[in-house]
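Structure, as structure tokens:
The values are calculated or read from the model by the stated rules, or taken from the named source; none is laboratory data. The shown structure was predicted, so the numbers you read here are calculated from the model rather than taken from an experiment. So basically every Cβ, Gly included, is an ideal-geometry build from the backbone, and we count neighbours across all protein chains shown. Accessible surface areas use protein heavy atoms only, side chains included; no ligands, DNA or RNA. Shrake-Rupley method; radii C 1.70, N 1.55, O 1.52, S 1.80 Å.
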Amino acid sequence: MTAKILDGKAVAAEMRAEIKTKTAELTEKGVRPGLGVILVGDDPASRSYVTAKEKACEEAGILSREIRLPASASKAEILAEVDQLNHASDIHGILVQLPLPDASIEEEVLNTILPEKDVDGFHPVSVGKMMLGLPTFLPCTPHGILHLLKRSGIECKGKHVVVVGRSNIVGRPLANLLSLKTDLGNATVTLCHTGTPDIGRFTREADIVIAAVGRPEVITADMVREGAVIVDVGVNRVEDASKKRGYRLAGDCDFDPMLEKVSAITPVPGGVGPMTITMLLYNTLESAARTLA
Ligand code: GUN
């Protein structure tokens, strides 16, 4: 078996074209969707995510306002910027890039974002509504994965999905969304994490494995069953002297040996990554549209 490559770039391009059309329609009606992004410090990965978000907004016709603060910015300074964006009538979505240099203030900063503008879906109100299956902004990476599977013709309904990783951003919301009785979910879900002895015991049982571990190539071919579907959320930098930039990008899965065994797999890069930003545009458009509803 040679695996089908789940082309996140292509699915994202298709969805972004739809978003661009709807953005133009809304702008025509006098509401141009606007996204405010706060970046604190100069972590290279965060900087490149934020640049990619800006470019994607521009391409979709969405207004993007970026606020850069030094790593030394105080909690009060960050909260003041969030407050400004909360009150800005041309901004419909707010994103504070994580991790913050001081992780201990993340919770308070996220809690300050108005839930009506919480396009990341990280506010406790958004998380609670998601958990209950109520309408809300869904977190971008989990939501993007569900759309990628759906648009690639892979149903989660009735499948056993094993999620590896329990982060607030990916693993736990994903397990929750998959378990809901919705069009994108309705799966049987197992959530594995660092406290799980012998993760392979569970992943070998899975119809769909979703790896959101954050460590390179830890899910190996012997840990998945023949014909499984693999979604790799990891974007890890691995030192590689043969590359000009000194590193290569690796997923959480050992990609090459899996190709002959599984039925479908997302590449890194070009799989889940492009979907995350797409869902951010989707939520920002939705938030702007609500102002007319
Ligand atoms: N850092 C890594 N992924 C994300 C994301 O989806 N949103 C924010 N705000 N920060 C991140």
Any residue in the range 105-112 that is within 14 Å of the ligand (Cβ to nearest atom) and touching a Gly at 6+ places or on another chain (Cβ under 9 Å)? no
Going through 189, 218 one at a time, which residue ends up being open to solvent by 20 Å² or more (accessible area, probe 1.4 Å) and over 29 Å from residue 134 (Cβ atoms)? 218
Given the condition under 16 Å from the mean Cα position of the chain (by Cα), exposed (fewer than 13 other Cβ atoms within 10 Å of the Cβ) and under 30 Å from residue 258 (Cβ atoms), answer yes or no: does some residue in the range 15-31 qualify? no
The range 228-271, residues that are open to solvent by 10 Å² or more (accessible area, probe 1.4 Å), under 18 Å from the mean Cα position of the chain (by Cα), within 26 Å of residue 155 (Cα to Cα) and hydrophobic (A, V, I, L, M, F, W, C): 233, 235, 268
Across the range 82-109, what is the total count of residues that are farther than 22 Å from residue 291 by Cα and surrounded by fewer than 22 Cβ atoms within 10 Å (Cβ to Cβ)? 12
Yes or no: residue 90 touching a residue at least 24 places away in the same chain (Cβ under 8 Å), under 27 Å from residue 16 (Cα atoms), within 11 Å of the ligand (Cβ to nearest atom) and among the charged types (D, E, K, R)? no
Pull up the range 42-65, narrow it to residues that are under 15 Å from residue 16 (Cα atoms) and within 15 Å of the ligand (Cβ to nearest atom), then point me to the one that is most open to solvent (accessible area, probe 1.4 Å). 54
